[in-house]
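Each value in this text was obtained by applying a stated rule to the coordinates, not by laboratory testing. On a predicted model such as this, the values are computed, not experimentally measured, just so you know. Quick reminder, even Gly has a Cβ in these numbers, built from the backbone with ideal geometry, and neighbours come from all protein chains shown.
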Amino acid sequence: MPHRFPISTEKSPNIIMEVILRLKIKDAMVTKVITAGRDASMRDIQKLMKKNAISGVPIIDHDRLIGMVSVNDIIHALDKGHIEEPVHDHMTKSLVVLEDDMPLSFAVSYFDKYSYRRFPVIDKNRKFVGMLSSRDVLSVMLQQLNLEIKELEDKIVSERVELPNQIMRDFFIKKFDFENAGKASFELKKVLKEKNVHAAVIRRASVASYELELNIAIHSDGGRIVFLLDDEKIEIIANDTGPGIDDVEKVTEEGYSTANEWIRSLGFGAGMGIPNTKRVSDEFEITSEIGKGTSVKSVIYLEKKNESQ
Amino acid sequence: MKVSELAGKLGYEIVTEKYNDNEIADGYTSDLLSDVMGNAPEGAILITIQAHKNTLAVASQLDFTAVLICNNRSVEADAVETALKLGIPILKTKDNQFIASYKVYCEIKG
């Protein structure tokens with residue numbers, strides 16, 4: 001019965017792709033497996049299957065997997081009268097195996113490609129180490145996704161809440177997503193216009209938010225930008241999840257950039273983003289930690305209305 | 001001077017069918033969008049060869065009146081689409097940035 005495995009290795013959401021690449025076969029496989037030696041008879045295997053309610057038994061010789069006996073093999077042996085004979089002559093010998101160090105994505109594609117419900121797993125020395133069923137894959141995936149979802153939920157709960165007289169907007173920005181770069185800033189501009197904020201202030205806020213938004217898209221692994229607007233000021237807070245900057249002093253100098261050629265060909269990555277942001281801000285803070293991420297806060301006061309004209 | 005008037009006088013093609021025909025107050029010439037973000041004046045026409053969608057995002061953030069693409073560079077389809085949405089006119093010319101800047105300067109400041 002051909003059926004598609006319910007996880008795609010090509011067009012799943014990022015989080016699924018990340019999990020099936022990060023997890024290895026050994027993280028999902030079952031290591032306590034009922035096996036038999038080469039000298040067992042087909043009858044012995046049939047009894048093992050019945051006693052343990054299993055449908056396949058790996059045949060092991062000196063730690064090496066030499067074959068598998070399936071229910072089909074047993075039926076065949078009964079049919080042909082070989083049931084009392086040694087397994088060696090009646091087991092399935094051509095096997096598709098997985099290695100324990102392979103990423104789980106291999107297993108996913110194997111389940112898709114072959115009709116087997118489980119695969120024997122060997123290590124790099126070709127020693128038999130366990131069995132992997134589609135059920136094992138799905139259950140470890142569910143566990144991981146539960147953890148990921150919990151993390152996301154925790155993040156949401158700890159978010160700031162809008163105070164009275166305050167407008168808050170919050171945007172996620174994905175790595176290299178130039179399709180959507182500018183959307184958050186566009187929204188901020190709309191809000192500021194509705195609030196009748198002075199044009200010169202809107203312009204400064206637009207520069208700061210667009211630069212920070214682009215920075216997340218160009219340099220980080222992804223992040224979010226939050227706008228907080230009250231009667232006194234606009235706060236633009238940009239946080240990302242990595243990779244972090246080792247010397248934040250350097251990025252505030254004009255001309256320092258780590259952007260690649262492709263980014264530069266678009267007309268960005270000239271090392272002006274942070275200096276531009278700092279220049280239009282009344283208050284500016286940047287903190288960063290390698291491996292953790294970067295956090296930038298720009299504050300622009302609404303009252304300095306006529307100064308920059 | 002309005003965008004349509006400038007285009008007519010200089011024989012520059014307007015790529016976007018519909019747009020807001022505003023008064024051009026100033027101009028800025030640069031292919032480095034980071035520099036544009038940092039230094040362009042208000043109400044300007046942006047003279048550039050960066051004919052992609054992000055140019056329009058910048059133009060929208062800074063309230064440019066128009067974007068003029070030089071050297072006959074072809075304008076990416078999604079850039080035109082964005083421009084139409086924002087009402088920002090895209091103009092096109094075979095002139096390079098130096099010559100286009102001179103011509104535009106003479107019209108709006110001369």
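Details
- Shielding by other protein chains, B:33-45, mean Cβ within 10 Å: 5
- Annotation: for a label point projected 7 angstrom from Cα along Cα→Cβ of A:Met168, residues of region A:216-240 with backbone N closer than 11 Å are A:226-229.
- Point-to-point label distance, A:Glu18-A:Phe176, nm (Cα→Cβ direction, 7 Å offset): 1.6 nm
- Highest-first arrangement of A:127-138, B:52-63, A:192-203, where packing means the average Cβ count within 10 Å: B:52-63, A:127-138, A:192-203
- Rounded FRET efficiency, nearest 0.05, which uses the C-beta distance separating A:Tyr116 from B:Asp31 and R0 of 51 Å: 0.35
- Cα-based shape type of chain B, given that a ≥ b ≥ c are square roots of the gyration tensor eigenvalues and the cut on a/c is 1.5: rounded
- Cα centroid of region B:34-110 to Cα centroid of region A:69-93, whole Å: 78 Å
- Set of aspartates and glutamates with alpha-carbon distance to A:Lys233 below 18 Å, sequence-local pairs under 8 removed: A:Glu162, A:Asp170, A:Glu187, A:Glu194, A:Asp282, A:Glu283, A:Glu285, A:Glu303, A:Glu307
- Förster-model FRET efficiency, 60 Å R0, A:His76 and B:Lys18, C-beta, rounded to 0.05: 0.20
- Distance in nm between pseudo-label sites at A:Lys51 and A:Lys150 (7 Å out along the Cβ direction from Cα): 3.9 nm
- Angle between chain A longest axis and helix A:199-219 axis [Cα atoms, degrees, rounded to 10]: 20 degrees
- Packing-based ranking, highest mean first, of A:77-89, B:31-43, A:21-33 given that Cβ atoms within 10 Å are counted: B:31-43, A:21-33, A:77-89
- About the centre of its Cα atoms, the protein assembly as shown shows a dipole size close to 1300 debye [charges on the beta carbon of Lys, Arg (+1) and Asp, Glu (-1) only; nearest 20 debye].
- A:Val96-B:Lys109 FRET efficiency (beta carbon distance; Förster radius 60 Å; 0.05 resolution): 0.20
- Of A:Lys189/B:Lys85; B:Lys53/B:Lys92; B:Lys2/B:Lys109; A:Lys190/B:Lys85; A:Lys24/A:Lys93; B:Lys53/B:Lys109, pairs whose Cα-Cα distance is over 18 Å: A:Lys24/A:Lys93; B:Lys53/B:Lys109
- Test item: Cα-centred dipole of region A:175-226, Lys/Arg +1 and Asp/Glu -1 on Cβ, debye: 320 debye
- Dimensionless Rg ratio for the protein assembly as shown, taking C-alpha atoms and the 2.2 N^0.38 Å reference: 1.46
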